[in-house]
1. Just to be sure I understand, how many residues within region 44-61 are of a type in the set (A, V, I, L, M, F, W, C), in a loop (DSSP other than H, G, I, E, B) and surrounded by 11 or more Cβ atoms within 10 Å (Cβ to Cβ)?
2. Identify the residue in region 28-43 that is outside any helix (DSSP H, G or I) and out of contact with any helix residue (DSSP H, G or I) (no Cβ under 9 Å at 6 or more places or on another chain) and, among all such residues, is nearest to ALA62 (Cα to Cα).
3. Can you report the number of residues in region 1-60 which are modelled with pLDDT under 90, of a type in the set (Val, Ile, Thr) and within 9 Å of the chain's Cα centre (by Cα)?
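The values are calculated or read from the model by the stated rules, or taken from the named source; none is laboratory data. Note that the structure is a prediction, hence the values are computed from the model and not measured. Please note: Cβ atoms are built from the backbone with ideal geometry, for glycine as well, and neighbour counts cover all protein chains shown.
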Amino acid sequence: MFYFLVLSLLFVNVLTQDGANTYTPCLDKAGSSFCVKPFMNGMCHDEAVKELMQEVCAETCAFCP
């Protein structure tokens, strides 16, 4: 169920992107309250969702430079 929610958020994000790349890597796009649970479950470095976590939960998962 959680993977479905995460993938749904990614799909919506892809559909709603505008032409300009406004990606800010050191913010939790999904909100820090959303990102805490995947972080606690070790999903930040899980190969299945790592790329998504880098974009959606960069701050909580410590992907910031």
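1. So in region 44-61, the residues of a type in the set (A, V, I, L, M, F, W, C) come out as 44, 48-49, 52-53, 56-58, 61.
Checking which are in a loop (DSSP other than H, G, I, E, B) leaves us with 48-49, 58, 61.
The next check asks that each one be surrounded by 11 or more Cβ atoms within 10 Å (Cβ to Cβ); those that pass are 49, 58, 61.
Of the residues in that region, 3 qualify.
2. This residue is GLY42.
3. Counting residues in region 1-60 that are modelled with pLDDT under 90, of a type in the set (Val, Ile, Thr) and within 9 Å of the chain's Cα centre (by Cα) gives 1.
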